[in-house]
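Below: the structure, in structure tokens.
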Amino acid sequence: MSDSLKDRRAGVLLHPTSLPGHCRQGRLGSTARAFVDFLHSAGFSVWQMLPLGPTHEDRSPYQCLSVHAGNVELISLEDVAAAGWLDQTLIPEEFDATSCTALLQQARAGFETAATAEQKAAFKTFRENHSEWLGDYALYRAIRQVHDHATWLDWPAALRDRDATALAEFSEQHAELIEQACFEQHLFFMQWHALRDYAHSQQVLLFGDIPIFVAHDSADVWANRGLFSVDASGALEVVAGVPPDYFSATGQRWGNPLYRWDSLQADNFEWWIQRFRTQLELFDIVRLDHFRGFEKYWEIPATAETAIEGHWIEAPGEALFSRLQQVFGKLPLVAEDLGLITPEVDALREAFGLPGMKILQFAFGSGSDNPYLPHNHTASAVVYTGTHDNDTTLGWYQGMDAAQQQAVLDYLGHPAEPMPWPLIRAALASVAGLAIIPLQDLLELDSEQRMNTPGVHGDNWGWRFTTEQIPEGLAARLRHLVEMYGRAVSQ
């Protein structure tokens, strides 16, 4: 187990887009630092979040335009103004993505005129350190912008197929757009590093998330077509998903391209090494989404409408993680091992000392051998009341019939406290080394406040909280529980 996971800890699951504020999503800056302060005062030492990449219109952080780039809508314009590169009076109280784009362009102009030599050197160093992906991503974003944000499959063939002459001509004609994209990534990474440093000063670790697959419309597939299951024109051949499970009777057809693992392995997994290098720069701990796909993955014909027609294909997970260990040493990873898990998947996870996940909302309704019940947990695990894909705990409980509710309360010892507090206590009391509670549960919120409903398109990923929702005395109440259950890290 990684050093980041060796201590008994507690944390909160909250994506930065859910932070409070006046624009359409939360941002880094003062509200993010205030949330770190709340975690510290409550005794929590881990902030878990979802992937940070730039999203498509559906705002899903699991279908990003890049596995490396940051979502520039998270950039705090107030912090940019504080750096002296943007006039604070130009920032409206409320603004949308279009206004944000214009303000970031003004910020770059301010940077060019007001930045110190040291600050400009830092930008140059950032570009050099991220050259493996930044150039392709900036070019991809510029082409996408010029072509009305169309998917790369619909670009002119020469640009779609990365004709060297066409790319050189475009780069010359639209150098400003490319430079702007690079500058915005510099701002994101600069603010992220500042937030991570601040979190560390408050004894809070940042816990990220790596989706196993990437979006078809992404800089990654466009720039590395030979590594993915697409044909010469970029069209999908087979796609990713999962068979029928707890969430869906027809499975889930995610639609992502699959990897050509033979090509990845022939290059000694360099693409994955670059991906991990970026994420380990951002986070102290990282969740590997859909870990079972590193042992076997569900391959679905691209023409199939559901996931039912898919079948399992073996993946070289052992070779991949061995290579990653060679490069990075101990891996601070948590395996998302939910769904249909086989002994082979468990063996792969255990071989590399990776904690798995225990979801308390999955623990009830079957026998005493249910692996999610607290008495079956192990120290090498991360326990959750629920995740971003679950209902809130209060909503989950309210959705049960009386007999189901009684069974839950019977297991929990007929607690006097109302839901969700008995399940929060069960998570914190678990022997699992790390306990994570979604903020919605700490705020006692119902189903209307859930983050995502898997398999349902629209109306996801937009949940926000307000500072007024945090009741007086909550931090002290939580600190008492964290200390009582032995999860307080030395402050």
Hey, ALA307 hits all of (1) modelled with pLDDT of 95 or more; (2) part of a loop (DSSP other than H, G, I, E, B); (3) of a type in the set (A, V, I, L, M, F, W, C) but one; which does it fall short on?
(1)
Is there any pair linking a residue in region 378-406 that is among the acidic types (Asp, Glu) to one that is surrounded by fewer than 19 Cβ atoms within 10 Å (Cβ to Cβ) and in a helix (DSSP H, G or I), with Cβ under 7 Å and at least six apart or on different chains, and which?
ASP391/SER447
Exclusive hit being closer than 23 Å to GLU237 by Cβ and either surrounded by 15 or more Cβ atoms within 10 Å (Cβ to Cβ) or free of Cβ contacts under 8 Å to residues at least 60 places away in the same chain (or both), set GLY293, GLY339:
GLY293
Take the residues in region 21-59 that are hydrophobic (A, V, I, L, M, F, W, C) and assigned to a strand (DSSP E or B), then tell me which one is nearest to CYS100 (Cα to Cα).
TRP47
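One line per residue, one yes/no per condition, for (1) more than 30 Å from SER322 (Cβ to Cβ); (2) at pLDDT 95 or above; (3) among the charged types (D, E, K, R):
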{"residue": "LEU338", "(1), (2), (3)": "no, no, no"}
{"residue": "ARG349", "(1), (2), (3)": "no, yes, yes"}
{"residue": "ASN376", "(1), (2), (3)": "no, yes, no"}
{"residue": "GLY399", "(1), (2), (3)": "yes, yes, no"}
{"residue": "LEU412", "(1), (2), (3)": "yes, yes, no"}
{"residue": "ARG425", "(1), (2), (3)": "yes, yes, yes"}
{"residue": "ASP441", "(1), (2), (3)": "yes, yes, yes"}
{"residue": "VAL456", "(1), (2), (3)": "yes, no, no"}
I'd like to know if region 104-125 contains one or more residues that are touching a Lys or Arg at 6+ places or on another chain (Cβ under 9 Å) and without any contact (Cβ under 8 Å) to a residue 40 or more places away in the chain.
yes
Of all residues in region 449-471 being more than 17 Å from THR387 (Cα to Cα) and among the β-branched types (Val, Ile, Thr), the one that is surrounded by the fewest Cβ atoms within 10 Å (Cβ to Cβ):
THR466
When you scan region 178-284 for strands (runs of 3 or more DSSP E) that lie fully inside it, which ones turn up with 2 or more residues that are over 20 Å from the mean Cα position of the chain (by Cα)?
238-242
List pairs: first residue in region 148-162 and in contact (Cβ under 8 Å) with a residue 24 or more places away in the chain, second residue surrounded by fewer than 14 Cβ atoms within 10 Å (Cβ to Cβ) and assigned to a helix (DSSP H, G or I) anywhere in the structure, Cβ distance under 8 angstrom, at least six positions apart or on different chains.
ARG160/ASP154
Any residue that is touching a strand residue (DSSP E or B) at 6+ places or on another chain (Cβ under 6 Å) and assigned to a helix (DSSP H, G or I) - is there at least one of those in region 474-487?
yes
For region 72-98, which positions are over 23 Å from ARG141 (Cα atoms) and of a type in the set (Val, Ile, Thr)?
THR89, ILE91
Quick count over region 95-134, residues being within 18 Å of ARG27 (Cα to Cα) and of a type in the set (S, T, N, Q), is 4
Does region 189-228 hold any residues that are over 20 Å from GLU73 (Cβ atoms), of a type in the set (S, T, N, Q) and touching a residue at least 60 places away in the same chain (Cβ under 8 Å), and which are they?
GLN202, GLN203
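The values are calculated or read from the model by the stated rules, or taken from the named source; none is laboratory data. Keep in mind that this is a model prediction, so the values were computed, not measured. Reconstructed Cβ throughout: ideal geometry from the backbone, glycine too, with neighbour counts over all protein chains shown.
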